[in-house]
Ligand code: SF4
């Protein structure tokens, strides 16, 4: 997105056109999980190799977004399958390095991978009927500033608004990570979006809906005001802790079973690695969410 486009959509630009540091749900979760992981991702911005499952998630999200761009009567499994290949090719055009995940277009693994994406799309249709829905927005970029000055920023997969005005936030989960590992993180993300929506629209979403496509499960949750106020204080505390660590470079490793999913284990002192020298707190922006973050 260009800077002028950011301004047009409510992005906050500092004098000179630079983006202000903001907290996204992915980076806030990173810091909670492991401050050093946050540093590697948001401060050092070390490259990570996306897995096939992550890229599949990105493509499936893209197909579901396109699906809601079709006339209502055309939103069926056949059309969804037809959207898959173009969505993959478009992502590949944007990020040609993703082609290295496969051994060329004739790699049988590519066909199997596309079929597994189709299976997730088929599962989606078992969870709801998109012909009965008219979302207000898909892949909505949201941003708000809390009273404390913390800037929150992220993307919501889908926003539904009932005729009565009640808001529902929807998030598709396509990841291969076990649900019990991902669920707390997913709820954190949804509360983050509920808070941003509340602060920007003045209304607390009636429902937060997680749709786990791989296991064909829906998890619905109703946030309340007390909880969101508490969550707001949690985010402010996380941001203050990030700023404190950012000043000194003291981002400590916090080993857990999630280390198995960490690309930076070889650089981690908890596993006898040595991190690169601290590059200093990034100004002005510690890093936006990527499309892969949004495909968890
Ligand atoms: S390996 Fe574990 S402790 Fe080390 S940076 Fe990654 S998540 Fe943190």
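The values are calculated or read from the model by the stated rules, or taken from the named source; none is laboratory data. Fair warning: this is a prediction, and the values are worked out from it, not measured in the lab. Backbone-built Cβ (ideal geometry, glycine too); neighbour counts: all protein chains shown.
Taking region 91-111 as the range and being surrounded by 11 or more Cβ atoms within 10 Å (Cβ to Cβ) and part of a helix (DSSP H, G or I) as the test, the residues that pass are 91, 92, 98, 99, 101, 109, 110, 111. Being part of a loop (DSSP other than H, G, I, E, B) and within 25 Å of residue 203 (Cβ to Cβ): is that true of residue 164 here? Taking the combined requirement at face value, the residue satisfies it.
Given the residues 129, 160, which is the only one that is within 21 Å of residue 79 (Cβ to Cβ) and loosely packed, with under 15 Cβ neighbours inside 10 Å?
129
Any idea which residue in region 258-283 is modelled with the lowest pLDDT, counting only those that are in a helix (DSSP H, G or I) and near the ligand (Cβ under 7 Å from one of its atoms)? Out of the qualifying residues, it is 258.
Number of residues in region 20-76 that are away from the ligand (no atom under 16 Å from the Cβ) and either assigned to a loop (DSSP other than H, G, I, E, B) or free of Cβ contacts under 8 Å to residues at least 12 places away in the same chain (or both) equals 12.
Residues in region 177-223 that are under 15 Å from the mean Cα position of the chain (by Cα), in a helix (DSSP H, G or I) and free of Cβ contacts under 8 Å to residues at least 40 places away in the same chain: 183, 184, 187, 190, 194.
Scanning region 224-257 for residues that are exposed (fewer than 15 other Cβ atoms within 10 Å of the Cβ) and either within 14 Å of the ligand (Cβ to nearest atom) or outside any helix (DSSP H, G or I) (or both) returns 224, 249, 250, 252, 255, 256, 257. When we screen 80, 87 for residues that are surrounded by 13 or more Cβ atoms within 10 Å (Cβ to Cβ), more than 20 Å from the chain's Cα centre (by Cα) and part of a helix (DSSP H, G or I), the only hit is 80. Can you find, within region 199-210, the residue that is surrounded by the most Cβ atoms within 10 Å (Cβ to Cβ) among those that are at pLDDT 95 or above and touching a helix residue (DSSP H, G or I) at 6+ places or on another chain (Cβ under 6 Å)? So, considering only residues that are at pLDDT 95 or above and touching a helix residue (DSSP H, G or I) at 6+ places or on another chain (Cβ under 6 Å), the one surrounded by the most Cβ atoms within 10 Å (Cβ to Cβ) is 205.
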